[in-house]
Amino acid sequence: MIRLIPAFSILVVALLAGAPDGARADAAHDVLNAVVQVRAEIPADARSARFLGTEREGNGVVIDDNGLVLTIGYLILEAMAATVVDSRGHEVPAEILAYDYDTGFGLLRGLGAIEAVPIRLGDSDAVTAGAPQLAVGFGGLDGMVATRVAARREFAGYWEYLLDDAIFTAPPHPSWAGAALVGADGRLVGIGSLLVQDAAGPDTAVPGNMFVPINLLKPILGDLIALGQDSAAPRPWLGMFTDQQDEGVVVITVIPDGPAEAAGVREGDRIVSVAGEMISTMAQLFRKVWSLGSAGVEIPLTVASGGEMRGLRVRSIDRTRFLRLNRTY
């Protein structure tokens, strides 16, 4: 971890300015202690084990008085057991409550006492490029990195994932998964998702992190707690990983037993069009597929490979139903 004592001063003096000295120190202490370690064990036969492994470790953030922990969902996806470690080093078994594919958020609840004052949710819409922030991982001062917002922009993930206005920060946090992005008011504005090499924008060489904005959580938090997922109709999922290359959007992986494989999509295929609309970017691909209806809708694709054009029809599914979640939630 990177130890940055000046970052602590930023948090206490600058980001939380205006409170009495004692209150500042208490607020800084609360922010640091609200970030916990998350450990998860995943069965070897889980759909995600091939890509994400069977032992996962990262961070989480306590967001209520009853041990509710917000994290990045891939840490706990298909887990059969999870543990939260608080600032005292106490290990607390945790119940996996929810995973939201569209945002990437995951929720756990500690089954014992977690020594932490919950972080209040901030307003991620107010976070602008250039603003100083703190990226906070588990470990007190050693888990804290002073950073700035390098950009606010769209993010398209190869796994059929899209954020309209992700938060990119630099320099990067070395333990970004589930880390807290804390704003000038000491409130939570994002959850760490990825290490990126182009935080300042496409074609830049600025290492940093991508954070999922916290405002995406607010409309669905009640559903996640009560139902384990968003109550809205699920988006269609095709079961393929794609990459945006010079020649267009290319399939790099076809998920075994998924809809794309069943329809005849092959690795190396270039996506030419969806339902007659020409495709040039991954974001365009995802938006067009999702615009055709909810999970179960048939998706007409035109693909090209080796000079051959093929018309395919992919019967989409709900990705959540494809995963092996019965052991968790």
Hits in the stretch 288-329 - residues which are more than 13 Å from G258 (Cβ to Cβ), hydrophobic (A, V, I, L, M, F, W, C) and touching a residue at least 40 places away in the same chain (Cβ under 8 Å): V289, W290, L292, V297, V303, L312, L325
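Okay, residues lined up against (1) surrounded by 16 or more Cβ atoms within 10 Å (Cβ to Cβ); (2) modelled with pLDDT under 95; (3) not hydroxyl-bearing (S, T, Y):
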site	(1), (2), (3)
M1	no, yes, yes
F8	yes, yes, yes
A19	no, yes, yes
A27	yes, yes, yes
L32	yes, yes, yes
V36	yes, no, yes
G53	no, no, yes
R56	yes, no, yes
Of the residues S280, S305, S273, S294, only one is among the hydroxyl-bearing types (S, T, Y) and within 22 Å of Y99 (Cβ to Cβ); which? S294
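Across the stretch 26-47, which residue is nearest to P93 (Cα to Cα) among those that are among the small types (G, A, S) and touching a strand residue (DSSP E or B) at 6+ places or on another chain (Cβ under 9 Å)? Give the steps one after another, and end with the answer.
Let us first name the residues in the stretch 26-47 that are among the small types (G, A, S), namely 27-28, 34, 40, 44, 46.
Applying the additional criterion that residues be touching a strand residue (DSSP E or B) at 6+ places or on another chain (Cβ under 9 Å) yields 34, 40.
On the way: A34: 17, A40: 10 Å.
Checked the stretch 26-47; the qualifying residue nearest to P93 (Cα to Cα) is A40.
What residue, of G67, G143, G110, G106, is of a type outside the set (V, I, T), buried (at least 18 other Cβ atoms within 10 Å of the Cβ) and closer than 30 Å to T253 by Cβ?
Working: G67 fails: closer than 30 Å to T253 by Cβ; G143 fails: closer than 30 Å to T253 by Cβ; G110 fails: closer than 30 Å to T253 by Cβ.
Matching residue, one of G67, G143, G110, G106: G106.
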Identify, please: which residue in the stretch 282-318 is basic (K, R) and assigned to a helix (DSSP H, G or I) and is, among those, least open to solvent (accessible area, probe 1.4 Å)? K288
Condition (residue is open to solvent by 50 Å² or more (accessible area, probe 1.4 Å) and either under 27 Å from the mean Cα position of the chain (by Cα) or closer than 26 Å to A46 by Cα (or both)) applied to the stretch 267-278: is it met by at least one residue? yes
How about the stretch 200-280: which strands (runs of 3 or more DSSP E) wholly inside it have at least 1 residues that are in contact with a Lys or Arg (Cβ under 8 Å, 6 or more places away or on another chain) and among the aliphatic types (A, V, I, L, M)? 248-254, 270-274
Where the second residue is part of a loop (DSSP other than H, G, I, E, B) and the first is of a type in the set (F, W, Y) and lies in the stretch 42-63, which pairs have Cβ atoms under 9 Å and are six or more apart or on separate chains? F51/W159
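Assess whether P202 counts as being at pLDDT 95 or above and open to solvent by 30 Å² or more (accessible area, probe 1.4 Å).
Details: at pLDDT 95 or above: no; open to solvent by 30 Å² or more (accessible area, probe 1.4 Å): yes.
No, not satisfied.
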Scan the stretch 46-70 residue by residue and report those that are under 21 Å from L217 (Cβ atoms) and part of a strand (DSSP E or B). R56, G58, N59, G60, V61, V62, L68, V69, L70
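The values are calculated or read from the model by the stated rules, or taken from the named source; none is laboratory data. Just so it is clear, the model here is predicted, and its values are computed rather than measured. All Cβ positions, even for glycine, are placed from backbone atoms using ideal geometry, and neighbour counts span all protein chains on display. Accessible surface is based on the protein model in full, side chains and every heavy atom, while ligands, DNA and RNA are left aside. Shrake-Rupley method; radii C 1.70, N 1.55, O 1.52, S 1.80 Å.
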